[in-house]
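Taking it in order: structure first as structure tokens, then the write-up.
Only the coordinates and a few stated rules stand behind these numbers; no lab work does. Computed from a prediction, not measured in an experiment: that's the story for all the values here.
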């Protein structure tokens, strides 16, 4: 069987496409370059400031604008301290907000700085109180970049900021503790907070010029040197003993007061009971006398006889011998009553 060879038919569509590219190569190349340039231009013209960011826009190395968070009132609170700085002089525009921002392409440069809080912790150092008692302390602080322009000019990096904080915070706190008594430093939280608050103002008076604000400062850890440990424990024990004794005294006073009030109430109740008993007894005696009187008026002879028998019963016991005159009232009443009733 003979097989006839048939060549592939020409691909006219591919040829047309190649001809189109050859004819319009320069135009297509221009479009690609234009798109790339447009993307680069847009990338240079826009930048994004996040919710936790702030920005510094500079032009040929000169800061022209800063973008802060909406809640940043740093420049209002420290205006007097910043009076000679660029962000207050009017040479730098201050705006607030976040999101997509515009700058001049290839001329302006935007640098982002975080606005969140950072934690500073010092090394452990020895401090002396007013009476020369020594303690090892570690200081902790919360700080934030509140003026990115001043921060960029005077510090530039987080490492420089940490070093500056270490040079300023620790001496201020040490000097403040040097003026405190050991008891206030260890046991009086209010006194320590007052000292730290005053120290915080001193620190921010210096740090605000560098675009930083320290939000809070605390004594992170306090450790006694071994030489002072025993004496401090003894003092703490004495203080606790004094407080315990005071509480016992107050409790004893309350106990005695309660006992006195209870005794007074008991005597009052007892007096009322005695009064009521006397009244009841008197009423009973009156009723008894009335009954006796009525009985005596019915039969005087029998009543005298019965009273004589009662007198003998109360006055005579077993084996008692009585010698009475015949004119004695008892003999008279008994014999008279017997004689009368015998008749």
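Remarks
- Rg and Dmax over the alpha-carbon atoms of the range 118-230 stand at 14.9, 52 Å.
- The range 150-301: Rg to Rh, with Rh as the Kirkwood radius over Cα pairs: 1.67
- For the pair the range 244-275 / the range 36-50, the C-alpha centres are spaced 88 Å from each other.
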